[in-house]
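Engineer: Please see the structure below; I have some questions.
Just so you know, all these numbers are worked out from the coordinates, no wet-lab data involved. Remember, predicted model here, so these are calculated numbers, not experimental data. Here Cβ is always computed from backbone atoms with ideal geometry, including for glycine, and neighbour counts include all displayed protein chains.
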Amino acid sequence: MNDTFLKACRGEKTEYTPVWIMRQAGRYLPQYLEVRGRGKGTFLDLCKDPARCTEVTLQPVDFFNMDAAILFSDILIPMEPMGMNLEFHEGRGPVFTDPIRSRKDVEALVIPDPEATMPFVMETIKLLRAELKVPLIGFSGAPFTLATYLIEGGSSKVFLETKKMMFQAPELYHNLLQKITDCTSLYLQAQAKAGAQTLQIFDSWAGILAPVDYARFALPYVQSIINDLRKVTDVPIIYFANNGSTLIEHTMTAGADVLGLDWRINIKKAIARVGDHVVQGNLDPIALFLPEEDLKQRIKQLLEDAREAKGHIFNLGHGVVPQTPPDQVRITVDAVHEFSARA
Ligand code: CP3
């Protein structure tokens, strides 16, 4: 197996900088769209079909020579067995038809047994491990990010209902977050047990919080999950707090091995602040629309800027967007491999 990615996660010396791309399996690939359309099911049907999940996970790894695979699923999948009704609407994204607003709503949520309620995830992990020659990343959402979807009923701009619950009903908010935390903790442990070799926690909305609120209403739940994981597994843990450059002093204390960085911070400046952490990131996803030579120059500079890191995993600063030409992804991966090769 090519374990360059795992070595980098652990801060060990590698022959080159490993690279994978957030949302590397997805709509920018015509081959993904073909598999998703097959059988005319929905996105959720695809997430529950291990054979097709395996196929779309492998696509970018095989096409572009990625150094890691990420399980094909979605951060919202465990919210269904918790008792939420989830739908994905074309153009609008995820929708929870009955958002969480009251004590009764929180009390009705259950903490599911991941193996019993999401066997398709564990099955996909096992199928992938039998096929893959690079490490497999499992993942979850961070409790705060998951809570925003449950409370708002979908994506949001100002997160009014979420912040109102924090500020006006902190006990209710805490009870909700505790349930999501317990669910997520068991879910990630089950993924590691099934064969996931790294776990990434996506905190996509962390950056909408003031640092003081992040420290109180988001970070403790991530710390708790990572603490639990450390008792049962030694797989590396990546924590990605999107838009989190103003939160580094806090995210450093989450307990992760690797900190994911979005593109809004210069990686060199971030590295000076992250202490004993490996970093992952942080090319602007839209930089993939640069002309080839400019894109390569950006990548070269980024690798240079990351030289002093304890370890660096090359990635975008957030997910690749659906309009991205696949050839630009190929150019990116090849450039990382070429420019980072150590004599
Ligand atoms: O290669 C991969 O990373 C694929 C696996 C993956 C998906 N979602 C598949 C997906 C992963 C790791 C995710 C994580 C995810 N899901 C996050 C965290 C990462 C981030 O982008 O911040 C979040 C916030 C979600 C919730 C979600 N799922 C949204 C907001 C949407 C709609 C918006 C969008 O980008 O389409 C989804 C749908 C989704 N998840 C798709 C895919 C491939 C598109 C569904 C389709 O095929 O139409």
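Engineer: Limited to the stretch 224-245, what total is found for residues that are of a type outside the set (Gly, Ala, Ser), crowded, with 16+ Cβ neighbours inside 10 Å and not in a strand (DSSP E or B)?
Structural biologist: Within the stretch 224-245, the first condition is being of a type outside the set (Gly, Ala, Ser), and the residues that meet it are 225-240, 242-243.
Within this subset, residues satisfying the condition of being crowded, with 16+ Cβ neighbours inside 10 Å are 225-226, 228-229, 233, 235-240, 242-243.
So of that shortlist, the ones also not in a strand (DSSP E or B) come out as 225-226, 228-229, 233, 235-236, 242-243.
Total meeting the criteria: 9.
Engineer: Same structure, new question: Taking the condition without any contact (Cβ under 8 Å) to a residue 40 or more places away in the chain and in contact with a Pro (Cβ under 9 Å, 6 or more places away or on another chain), does residue 74 pass?
Structural biologist: Working: without any contact (Cβ under 8 Å) to a residue 40 or more places away in the chain: yes; in contact with a Pro (Cβ under 9 Å, 6 or more places away or on another chain): yes.
Considered against the rule, which asks whether it is without any contact (Cβ under 8 Å) to a residue 40 or more places away in the chain and in contact with a Pro (Cβ under 9 Å, 6 or more places away or on another chain), residue 74 comes out as yes.
Engineer: While we're here: Considering only residues that are of a type in the set (Val, Ile, Thr) and buried (at least 19 other Cβ atoms within 10 Å of the Cβ), look in the stretch 246-262 and name the one that is nearest to residue 231 (Cα to Cα). So that I can check it myself, show each step before the final result.
Structural biologist: Keep residues of the stretch 246-262 that are of a type in the set (Val, Ile, Thr), which gives 246, 248, 251, 253, 258.
Among the residues that remain, those that are also buried (at least 19 other Cβ atoms within 10 Å of the Cβ) are: 248, 251, 258.
Working: 248: 25, 251: 20, 258: 18 Å.
So the residue we want is 258.
Engineer: Then there is this: Within the stretch 57-105, track down each residue that is touching a helix residue (DSSP H, G or I) at 6+ places or on another chain (Cβ under 6 Å), among the small types (Gly, Ala, Ser) and near the ligand (Cβ under 10 Å from one of its atoms).
Structural biologist: 69, 73
Engineer: Assess whether residue 17 counts as being within 25 Å of residue 327 (Cβ to Cβ) and among the β-branched types (Val, Ile, Thr). Steps first, answer last, please.
Structural biologist: Working: within 25 Å of residue 327 (Cβ to Cβ): yes; among the β-branched types (Val, Ile, Thr): yes.
Considered against the rule, which asks whether it is within 25 Å of residue 327 (Cβ to Cβ) and among the β-branched types (Val, Ile, Thr), residue 17 comes out as yes.
Engineer: Yes or no: residue 52 crowded, with 16+ Cβ neighbours inside 10 Å, more than 9 Å from the ligand (Cβ to nearest atom) and more than 22 Å from residue 336 (Cβ to Cβ)? Break it down stepwise before answering.
Structural biologist: On the way: crowded, with 16+ Cβ neighbours inside 10 Å: yes; more than 9 Å from the ligand (Cβ to nearest atom): yes; more than 22 Å from residue 336 (Cβ to Cβ): yes.
Judged against the criteria, residue 52 is a match.
Engineer: Just one of (1) surrounded by 19 or more Cβ atoms within 10 Å (Cβ to Cβ); (2) without any contact (Cβ under 8 Å) to a residue 60 or more places away in the chain; (3) within 16 Å of the ligand (Cβ to nearest atom) trips up residue 279, so point out which.
Structural biologist: Going through the list (1) surrounded by 19 or more Cβ atoms within 10 Å (Cβ to Cβ); (2) without any contact (Cβ under 8 Å) to a residue 60 or more places away in the chain; (3) within 16 Å of the ligand (Cβ to nearest atom), residue 279 breaks only (3).
Engineer: When you check residue 140 against the structure, is it within 12 Å of the ligand (Cβ to nearest atom) and either aromatic (Phe, Trp, Tyr) or surrounded by fewer than 16 Cβ atoms within 10 Å (Cβ to Cβ) (or both), yes or no? Working first, answer last.
Structural biologist: On the way: within 12 Å of the ligand (Cβ to nearest atom): yes; either aromatic (Phe, Trp, Tyr) or surrounded by fewer than 16 Cβ atoms within 10 Å (Cβ to Cβ) (or both): no.
No: the conditions fail for residue 140.
Engineer: Against the conditions (1) touching a residue at least 24 places away in the same chain (Cβ under 8 Å); (2) in contact with a Phe, Trp or Tyr (Cβ under 9 Å, 6 or more places away or on another chain), where does residue 259 fall short? Just the number, please.
Structural biologist: (1)
Engineer: Which of the residues that make up the stretch 222-253 are away from the ligand (no atom under 16 Å from the Cβ) and either closer than 15 Å to residue 187 by Cβ or without any contact (Cβ under 8 Å) to a residue 24 or more places away in the chain (or both)?
Structural biologist: Residues satisfying the conditions are 224, 226, 228, 229, 231, 232, 233, 234, 235.
Engineer: Scan (1) surrounded by fewer than 17 Cβ atoms within 10 Å (Cβ to Cβ); (2) within 25 Å of residue 9 (Cβ to Cβ) for the single condition residue 87 breaks and write down its number.
Structural biologist: Going through the list (1) surrounded by fewer than 17 Cβ atoms within 10 Å (Cβ to Cβ); (2) within 25 Å of residue 9 (Cβ to Cβ), residue 87 breaks only (2).
Engineer: For the stretch 12-36, how many residues meet the condition of being surrounded by fewer than 17 Cβ atoms within 10 Å (Cβ to Cβ) and more than 16 Å from the ligand (Cβ to nearest atom)? If you could, list the steps in order and put the result at the bottom.
Structural biologist: Here is the first cut: in the stretch 12-36, the ones surrounded by fewer than 17 Cβ atoms within 10 Å (Cβ to Cβ) are 12-13, 15, 27, 30-31, 33-34.
After this cut, where a residue has to be more than 16 Å from the ligand (Cβ to nearest atom) as well, the list is 12-13, 15.
Residues in the stretch 12-36 being surrounded by fewer than 17 Cβ atoms within 10 Å (Cβ to Cβ) and more than 16 Å from the ligand (Cβ to nearest atom): 3 in total.
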